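What follows is one structure encoded as C-alpha cells, with my remarks underneath.
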Amino acid sequence: MTVRRADAQRNYARILAVAEAEVAAHGAEASLEQIARVAGVGSATVRRHFPGRRAMLQAVFHERVEALCARAEELAEAADARAALLEWLGALTTYAASARGMADVLVPDGQAEADHANACAVQIGGAVEPLVRNAAKAGAVGQDVTVADLVALVTGITLATERHPDPVAEAHRLLALAVQGISPISPRPAQDGDGTAAER
C-alpha cells in the first residue's frame, strides 16, 4: 500500500511538472493528451488527476494563488487601505502577466468542470475581500466595487497584453490608467499668487 501510494505521488509530481512546462509554452491551450504523452502515462491517468483543463491549470498555478492570498492577508492590516489594495492589484498583475494561462484560471467559466470551475477565484475572493472593504471604508474606492470587478479588470488586461513584447510592463501601464477611474487621487486646488485657492 505504501509503495503504491509513493508511486502515485511520483506519478502526480511528474505529470504536474510536465503540465507546468506545457502551460508555460502554450498557455491555457496546453493539451492534456500532450501532457500524457510527454509524461509517459495514459490519458486516463492524467484525467484522474485533472478532470479537465481548468483543474489542470489550477494545479499548475496553485502556489501562485496561495502566495497572492497570503499577501492579501498581510496587506489587510496596512494603515493605508488604498495603497494596500493597489499593491495587491499590482502583484496580481505581475503574476498573471508573467505566467501564460494564469488569467484563464481566474476568469469565471460556467461551462467548466463543476468541482473546479471557480476554486481559485473563490479562494482569492475570500482573501482579498477585506482589502476592498477597507478601501471602501476609507473612501478610496466606490462602495459598489467588488473583488470580482477588480480581478476581471486585471484578467482582461492580462489577456489583452499576452502577446505584447513586454506583457508585464504593458499590463501595469494599462492598470495604472484604469486605477485613475477606480480610485482617482483627488487633485489639490490650484492656488493663486497670494496662496489662496484659485477658483476653477
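Proximity of backbone amide H atoms, modeled 1.01 Å from N, is registered between E162 and no other residue at under 5 Å, excluding neighbours fewer than 5 places apart on the same chain.
Using 1/(1 + (r/R0)^6) with R0 = 35 angstrom and r between the beta carbons of A160 and A67, what's the FRET efficiency to the nearest 0.05?
On the way: r = 24 Å, r/R0 = 0.68.
With R0 = 35 Å, the Cβ-Cβ based efficiency is 0.90.
Prolate is the label for segment 47-107, because a/c, from the alpha-carbon gyration tensor with a ≥ b ≥ c as root eigenvalues, is 1.5 or above and a/b exceeds b/c. The phi torsions of segment 77-92, fed into the Karplus equation with coefficients 6.51, -1.76 and 1.60 and a -60° offset, translate into couplings of 8, 5, 6, 9, 5, 5, 4, 5, 5, 5, 5, 5, 4, x, 5, 4 Hz, rounded to whole numbers, with Gly and Pro shown as x.
Peptides 121-129, 174-182 ordered by packing proxy, namely the average of other Cβ atoms within 10 Å per residue, highest first: 121-129, 174-182.
To two decimal places, what compactness ratio does segment 9-52 give when its Cα radius of gyration is scaled by 2.2 N^0.38 Å? Can you show the working numbers first?
Working: Rg = 9.2 Å, N = 44, 2.2 N^0.38 = 9.3 Å.
Here the Cα radius of gyration is 1.00 times the empirical estimate.
For the pair E29 and D7, a Förster radius of 25 Å applied to the C-beta separation gives a FRET efficiency near 0.25, rounded to the nearest 0.05.
Residue separation of E129 and A83 scaled by 0.36 nm, minus their Cα-Cα distance, works out to 15.1 nm of gained length. Spacing of the modelled spin labels on Q143 and R37, each 7 Å from Cα toward Cβ, amounts to 5.7 nm. Take E74: with every protein chain present and a 1.4 Å probe, its accessible area is about 110 Å². The alpha carbon gyration tensor of segment 28-145 gives principal lengths a ≥ b ≥ c with a/c of 1.5 or higher and a/b greater than b/c, which makes the shape prolate. The alpha carbon centroids of segment 124-158 and segment 1-63 are separated by 32 Å. For segment 152-167, backbone phi angles converted through the Karplus equation (6.51, -1.76, 1.60; θ = phi - 60°) give residue-by-residue couplings of 4, 4, 5, 5, x, 4, 5, 5, 6, 9, 4, 9, 5, x, 10, x Hz, Gly and Pro being listed as x. H62 contributes an accessible area of around 90 Å² to the protein surface, as traced by a 1.4 Å probe with all chains present.
The values are calculated or read from the model by the stated rules, or taken from the named source; none is laboratory data. From a predicted model like this one, the values you see are computed outputs, not experimental measurements. Using ideal geometry, Cβ is built from the backbone for each residue, glycine included, and neighbour counts are taken over all protein chains shown. These accessible areas exclude ligands, DNA and RNA; they are computed on the full protein's heavy atoms, side chains included. Shrake-Rupley method; radii C 1.70, N 1.55, O 1.52, S 1.80 Å.
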